[in-house]
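We did not get these values from a lab; they are worked out from the coordinates using the rules stated. For clarity, every value in this text was computed on a predicted model and none was experimentally measured. Cβ: placed from backbone, ideal geometry, glycine included. Neighbour counts: every protein chain shown.
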Amino acid sequence: MQSKKLKITIRQLAMAAMLTAMSVVIGIFCKTVLNFGNGVLRITFENLPIILSGIMFGPIVGGLVGASSDLLSYLLSSQVYPPNLIVTLGATLVGVISGLSARYAVKKRGTRQFIVAGGLSHLVGSMIVKSIGLFQFYQWLILIRIPLYLVIASVEILLLSLLYRRRSVRELIDSFEVNGNDVR
């Protein structure tokens, strides 16, 4: 049986690294500036680059971007709690689910793909898995995250859709699928 190897070009690796760095910077900014209630209410858009990486490169690279973003964000920020691997799993699932939904559910790029990929990845990764991971610190207060993430997911989907309407962004995103070196 022949194994499938993940082929990734330098250009794709550089874009995945840039999306990871964007997620880390957004995450650190939000953890320090948009953090209310000692971490229970945190407005963050750090999943936007992770969702985009899943859409652009598929579930494997999307998951790697999610995991590395979460771990690097923890290492570079001044969080008070220790690293939580369940939260890291949630970030990983955001990338994996956005990649799977973009590959199998809605293949055509555009608003519908962003709605499905962003909605499913936020539902599973942010609202369910990350909330389970944070339950040990905040107990039932963590349920406040669910309506908050409904708003955050909606804003991220809107931002992705608006960005994709710009011709230069659309051409950049689409260029990673057209060249035959698709990492999915």
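For this structure, a couple of remarks:
- Going from the residue with the fewest nearby Cβ atoms within 10 Å to the one with the most, Ile115, Ile10 rank Ile10, Ile115.
- Close Lys-Lys pairs in the chain, where close means Cα under 24 Å and separation is 8 or more or interchain: 5
- Leu162-Leu123 pseudo-label distance in nm [points 7 Å out on the Cα-to-Cβ vector]: 2.5 nm
- Neighbours of Met18, meaning other residues whose beta-carbon lies under 15 angstrom from its beta-carbon, give a summed charge of 0 when Lys and Arg score +1 and Asp and Glu score -1.
- Cα-projected label distance for Ile43 with Phe29, points at 7 Å along beta-carbon direction, nm: 1.3 nm
- Placed amide H near Leu41: partners under 5 Å, 5+ positions off or other chain: Phe36
- Summing charges over neighbours of Asp70, with a neighbour being any other residue whose Cβ is under 15 Å away from its Cβ, gives +2 when K and R count +1 and D and E count -1.
- Taking a point 7 Å out from the Cα of Ser78 in the direction of its Cβ, the residues of segment 39-62 whose backbone N falls within less than 17 Å of it are 39.
- Working ranking of peptides 69-78, 104-113 by packing, defined as the average number of other Cβ atoms within 10 Å per residue, highest first, is 69-78, 104-113.
- Most mobile of Ile86, Ile60, Ile144 in a GNM of the chain (Cα contacts under 10 Å): Ile144
- Net charge of the neighbourhood of Leu85, taken over other residues with C-beta under 12 Å away and scored Lys/Arg +1, Asp/Glu -1, is 0.
- Burial ranking of peptide ranges 24-31, 136-143, 151-158 (average Cβ count within 10 Å, highest at the top): 24-31, 151-158, 136-143
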